[in-house]
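The next block holds one structure in the form of structure tokens; read it before the comments.
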Amino acid sequence: MRRTFAAVLLSVLVVLAGCSGVFGGDDESAETVTPAAVPTDEPTPTPVAQLAPGVTKRGIENPRALIAAHRSFLQNRSFTQRSNSTALAANGSAILQATSTARAGPQGKRLHSVIERNGSFTSREPTTISTRSEAWWGGEQYLVKRTFPNGTTTYSRPPIDTTRIDIATGTLPYLLGSFDTNNTTVTDHQSRNGTTLYRINGTSDVPRQPNTTLELLVDSRGVIHEYTTIRRLSADTGVSKSVTRTRLVAIGETDAPERPSWIETAKNRTTATREAGTARNGE
């Protein structure tokens, strides 16, 4: 399960209010004069209608509002999240591929996430990049099982300082913190199963998100149904480009996931800590 990496950077929507006034008074004959509006140099700006919380036709006005709406809608609903990521070398070959599926049960009950990785890059880091990771949360304990290319299996029990909903927001707060109306735009919209989805495209080239393009599909409630990121990296990193596509499906229609068979083993081999520590054991 991915954790939120950084706080959302706020993009404040400033509404400029036009000034207007009236004046009136008595002339020498004390005749009543009806007050008349005085023309102003600046017209009152027309409010821009919201397409979704934090989003207008100009793009993402307020990333924080969008993330909050997304999280709030999913809080007590079941859902399935699927993600595919590919890292490419300079010659265009895929050196690391990852697929993940996370299922969250209704009413905040149970979460099971599985990530599988393959590619030549895993063999370069056989003890740090796992080929398979599973995470389970049953309402009380959050347990993780990782399997590495060298055959080692490890278990951990991270502190519960987050909620199951982080699986749906994932790295979105970190990503959207670099985007606002200066580098995003609503390009079009489409209908999917009777729901209108707005397509938001953006580009970022700041230190926290260098050479990154982002595409979102968002509905009027602020639910982010799909997002794709493409990041171009320098040649000395060994990875020229990474592409990730994440989709949210079966909202309200996902059954509660079954408890994995390895949970008791994980409980016996780990202890809960206040820090994000990991107890590793070979198997």
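The values are calculated or read from the model by the stated rules, or taken from the named source; none is laboratory data. Not measured: the values here are computed from a predicted model. Reconstructed Cβ throughout: ideal geometry from the backbone, glycine too, with neighbour counts over all protein chains shown.
The table for this structure:
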{"item": "Selection within segment 221-249 - surrounded by fewer than 16 Cβ atoms within 10 Å (Cβ to Cβ), part of a loop (DSSP other than H, G, I, E, B) and modelled with pLDDT of 95 or more", "result": "R221"}
{"item": "Inter-residue pairs, beta-carbon under 7 Å, first in contact (Cβ under 8 Å) with a residue 24 or more places away in the chain and in segment 67-91, second part of a helix (DSSP H, G or I) and β-branched (V, I, T), 6+ apart", "result": "I67/T169; H70/T169; R71/T169; Q81/I167"}
{"item": "Residue in segment 45-66 that is outside any loop (DSSP other than H, G, I, E, B), exposed (fewer than 15 other Cβ atoms within 10 Å of the Cβ) and of a type outside the set (D, E, K, R) present", "result": "no"}
{"item": "Total residues in segment 112-140, condition out of contact with any helix residue (DSSP H, G or I) (no Cβ under 7 Å at 6 or more places or on another chain), over 20 Å from F79 (Cα atoms) and either at pLDDT 90 or above or of a type outside the set (F, W, Y) (or both)", "result": "13"}
{"item": "Test set (1) more than 15 Å from the chain's Cα centre (by Cα); (2) in a helix (DSSP H, G or I) - E116 fails condition number", "result": "(2)"}
{"item": "Single match in R146, R117 (criterion: closer than 30 Å to S234 by Cβ, among the charged types (D, E, K, R) and out of contact with any Phe, Trp or Tyr (no Cβ under 9 Å at 6 or more places or on another chain))", "result": "R117"}
{"item": "Candidate set from segment 250-270 (those that are small (G, A, S) and part of a loop (DSSP other than H, G, I, E, B)); member that is surrounded by the most Cβ atoms within 10 Å (Cβ to Cβ)", "result": "A256"}
{"item": "Qualifying residue in segment 133-148 (condition: hydroxyl-bearing (S, T, Y), within 23 Å of the chain's Cα centre (by Cα), surrounded by fewer than 16 Cβ atoms within 10 Å (Cβ to Cβ) and assigned to a strand (DSSP E or B))", "result": "no"}
{"item": "The listed residue being touching a residue at least 60 places away in the same chain (Cβ under 8 Å), over 23 Å from R232 (Cα atoms), buried (at least 20 other Cβ atoms within 10 Å of the Cβ) and small (G, A, S), out of G105, G170, G177", "result": "G105"}
{"item": "Selection within segment 49-68 - touching a Lys or Arg at 6+ places or on another chain (Cβ under 8 Å) and modelled with pLDDT under 95", "result": "A49"}
{"item": "Any hit, segment 198-213, residues being under 15 Å from H70 (Cβ atoms), of a type in the set (A, V, I, L, M, F, W, C) and touching a Phe, Trp or Tyr at 6+ places or on another chain (Cβ under 7 Å)", "result": "no"}
{"item": "Restricting segment 75-101 to residues that are touching a Pro at 6+ places or on another chain (Cβ under 9 Å) and modelled with pLDDT of 90 or more, the residue that is surrounded by the fewest Cβ atoms within 10 Å (Cβ to Cβ)", "result": "R77"}
